[in-house]
Amino acid sequence: MEIKTKNLISGKVIRTQSSGQLKEIIIKEDILNIENPSVSLCFRGMDSSGIIDLSKKELDMIFKELDEKKKLLKGVKLLKFKK
């Protein structure tokens, strides 16, 4: 997994890049407040680690986009040739 971010510090844009492996997926759902579940993606790299929190609305948007793109990938074939 690779993460790229931009931060505005003292009027300057600083770009950071990190990579690592996805270690854990945590689903948070409150029994009293069922309307706002969230998913946390926990990752750890050699020099960095972090947690990405996604709301239900963001997850729905990701699933919708992936479903649309999945149709495009059906006809793709990978061919390997020996030299």
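The values are calculated or read from the model by the stated rules, or taken from the named source; none is laboratory data. Quick caveat: nothing in here was measured; it's all calculated off a predicted structure. Virtual Cβ from ideal backbone geometry, glycine too; neighbours counted across all protein chains shown.
Take the residues in region 27-58 that are in a loop (DSSP other than H, G, I, E, B) and among the β-branched types (Val, Ile, Thr), then tell me which one is nearest to THR5 (Cα to Cα). The residue in question is ILE34.
Here ASP60, ASP53, ASP47, ASP30 are screened, and the one residue that is surrounded by 10 or more Cβ atoms within 10 Å (Cβ to Cβ), at pLDDT below 85 and not polar (S, T, N, Q) is ASP30. Given GLU29, GLU35, GLU65, GLU2, which one is touching a Pro at 6+ places or on another chain (Cβ under 7 Å) and without any contact (Cβ under 8 Å) to a residue 60 or more places away in the chain? Result: GLU29 is the single residue among GLU29, GLU35, GLU65, GLU2 that is touching a Pro at 6+ places or on another chain (Cβ under 7 Å) and without any contact (Cβ under 8 Å) to a residue 60 or more places away in the chain. Might you check whether a residue that is under 22 Å from THR5 (Cβ atoms) and not acidic (Asp, Glu) occurs anywhere in region 70-79? No - not one qualifying residue is present in region 70-79. In the set (1) surrounded by fewer than 10 Cβ atoms within 10 Å (Cβ to Cβ); (2) more than 22 Å from SER18 (Cα to Cα), the condition left unmet by GLU65 is number (1). If the condition is being surrounded by 10 or more Cβ atoms within 10 Å (Cβ to Cβ) and aliphatic (A, V, I, L, M), then region 1-24 contributes MET1, ILE3, ILE14, LEU22. Look at (1) within 18 Å of the chain's Cα centre (by Cα); (2) assigned to a helix (DSSP H, G or I) and you find that LEU72 fails only one, number (1).
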